[in-house]
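Structure first, commentary second.
The values are calculated or read from the model by the stated rules, or taken from the named source; none is laboratory data. Since we're looking at a predicted model, the values are computed, not measured. Here the Cβ positions follow ideal geometry from the backbone for every residue, glycine too, while neighbour counts run over all protein chains shown.
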Amino acid sequence: MEIIVAPLVVSIISSALALMIVIVDGVVNNYGEVEIDINNGKKKLKVKGGAPLLHTLSSAGIFVPSACGGRGSCGACKVKVLSDVGPHLPTELPYMSKEEVAENIRLACQIKLKKDIKIYLPEELFNIKKFKGIVESIKDVTYDIKELRIRLVEPNEINFKAGQYVQLVIPPYENIKEPTQRAYSISSSPSNKDHIELLIRLVPGGIATTYVHKYMKEGDVVEVVGPFGEFYMRETNADMIMVAGGSGMAPIKSIILDMWERGITERNVWYFFGARSKRDLYYVELFQELEKKWPKFHFIPALSDPLPEDDWQGETGLITNVLDKYLATVIPQDTPKEGYLCGSPGMINACVQVFDKYGIKDVYYDKFA
Amino acid sequence: MIYPNINPLVLFFASIFTSNILLTNFLGMCSFISISKDLKSSNGLGIAVTLVMTITTGLNWILERYVITPLDIGYLRYIIYIIVIAAVVQVLEMIIDRVSPNLYMVLGIFLPLITVNCAILGVALFMQLRNYSFIQSVFFGLGSGIGWWLAIVLLAAIRKKTENAPVPAPLKGVGITLITIGIMAMAFIGFAGMINVQ
């Protein structure tokens, strides 16, 4: 008897409490229909309230950039809110400067739609689209990085600036119940309008990378949203110092290919690529070929822990040390310079410090969190 | 049912001052130490703890009296108490969000933390162990909550002072905080025998 009573009591109490939560949720969180007014009446949306602004906008076809997919960990989905939606939340403040707080810039993923709202969005956001594509090939470029080539079907052309990124939509799989979005830089050049290539490194436990490495196959239909991002070549005459590691290769490759195709070969370009050992290096021939054809382009791969069998003749050491060495000895000192970085947050911070040492202030990067 | 012969009001003050849940039983230490860095947050967490403690103690008393005791399933007490606490926190969070966004701003991130605050479960268990009546339990819960609130605000204020004090380098941060808590506890334990809460 007791063996039945115990689970029965616990289940009854739990279901009573669950019912209470559901009822309260239904009553309390029912905000009805709310109106989003974008750019002073330029566009008006009638939507169901209660969800975060970011998700409501994306289901209405307006894609505010977000690298983390709404978890509040990247700070990318900044939106200017013109009506009153209450004070800034503690989850927003770490990503805001004082000026942004004063202008009521908010994180779209953190503000819940409770009543009519007026927001301002930059015009180019309306150009961001959701693309349907077909996975044309998946290639192993190293033991843990795959090159994903996607043919765009609907719409079948993308216009982006080399260096920008898209968000890949990962469908639910295994015990992941919700579609997830993750940001990946485009590694192909913008002249290739009907295809995009992404470089995806396997992160143990990563939702998107595990899916791409284990489940995605050629011929699959995928969705990408984009293009996003402020990481692209600035139109100046300064020397470009580019540093990348791992799958950070992607946007840099796109920028370099784009410059070569458009004949912007008068600028000095130094590309430092950091890897652990030879098995982490890829696309080396591509850049070495380019180096022969393009005198002002310099490709410096560096290994931090070359294995004995690698027989490595090139630079060794952490990429920051190699960068430091080149800035001190090889690269001309007196020309203006710009830094372009892509890699782990740790690498970016370390490189920014090196650049700082040499007074290079114009440093561009996308920090994916 | 034989309830202990203590005036609920006496119990209320006793659980704030002489039998402070934090400083005499050392329950709820983790959030006590981590949140007390900042006075404003301490205040918010204190209010939230008080609110949840009062409500859950009352609810758990009802379940104890009318479900757990008659069915003789005391061994399920911990599980039942903790799911009640979790559910109440959920519901409170939703209601506060809707009714008072400003209060939600203050409490927002602390409410979910409270689900795992052992002081809340501790108070419910003491209430059962000491065989309090419903009124006594609610006053005990309210008093313990306010006592917790008082203790964390006191500690936050002291920490603000020690921040600029010449603390020996190895003791800076958590070290001096733990010593501070020890001295506070001694001061509170000094009164511990004055009122019998059992």
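The selection criterion, being within 12 Å of another protein chain (Cβ to nearest Cβ), crowded, with 18+ Cβ neighbours inside 10 Å, among the aromatic types (F, W, Y) and in contact (Cβ under 8 Å) with a residue 24 or more places away in the chain, holds for B:Y81. So, A:M242, is that one surrounded by 14 or more Cβ atoms within 10 Å (Cβ to Cβ) and part of a helix (DSSP H, G or I) or not? The answer is no for A:M242.
Conditions (1) buried (at least 19 other Cβ atoms within 10 Å of the Cβ); (2) touching a residue at least 12 places away in the same chain (Cβ under 8 Å); (3) of a type outside the set (S, T, N, Q), marked per residue:
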{"site": "A:V27", "(1), (2), (3)": "no, no, yes"}
{"site": "A:G32", "(1), (2), (3)": "no, yes, yes"}
{"site": "A:E35", "(1), (2), (3)": "no, yes, yes"}
{"site": "A:I38", "(1), (2), (3)": "yes, yes, yes"}
{"site": "A:K46", "(1), (2), (3)": "no, yes, yes"}
{"site": "A:S73", "(1), (2), (3)": "no, yes, no"}
{"site": "A:E92", "(1), (2), (3)": "yes, yes, yes"}
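Scoring A:L202 on the criteria (1) without any contact (Cβ under 8 Å) to a residue 24 or more places away in the chain; (2) closer than 28 Å to A:G70 by Cα; (3) not charged (D, E, K, R) leaves a single failure, condition (1).
Which one is farthest from the other protein chains (Cβ to nearest Cβ) among residues in the range B:45-65 that are under 14 Å from B:G147 (Cα atoms) and of a type in the set (G, A, S)? Write out each step before concluding.
Our first condition is that a residue be under 14 Å from B:G147 (Cα atoms); within the range B:45-65, this holds for B:45-54.
Going one step further and asking which of them are of a type in the set (G, A, S), we end up with B:46, B:48.
Values: B:G46: 17, B:A48: 14 Å.
Once the filter is applied, the top-ranked residue is B:G46.
In the set B:I33, B:I68, B:I96, B:I73, only one residue is buried (at least 16 other Cβ atoms within 10 Å of the Cβ), facing chain A (nearest Cβ under 10 Å) and over 25 Å from A:I23 (Cβ atoms); that residue is B:I73. Reported count of residues in the range A:197-221, each being in a strand (DSSP E or B) and more than 15 Å from the chain's Cα centre (by Cα), is 1. At least 2 residues being surrounded by 16 or more Cβ atoms within 10 Å (Cβ to Cβ), of a type outside the set (A, V, I, L, M) and in contact (Cβ under 8 Å) with a residue 12 or more places away in the chain is the threshold, and among the strands (runs of 3 or more DSSP E) wholly inside the range A:96-140 those reaching it are A:117-120, A:129-140. As for the range A:67-74, it holds at least one residue that is within 14 Å of chain B (Cβ to nearest Cβ) and under 19 Å from the mean Cα position of the chain (by Cα).
Among the residues of the range B:111-125, are any buried (at least 18 other Cβ atoms within 10 Å of the Cβ), modelled with pLDDT under 90, part of a helix (DSSP H, G or I) and within 14 Å of chain A (Cβ to nearest Cβ)? For the range B:111-125, residues buried (at least 18 other Cβ atoms within 10 Å of the Cβ), modelled with pLDDT under 90, part of a helix (DSSP H, G or I) and within 14 Å of chain A (Cβ to nearest Cβ): present.
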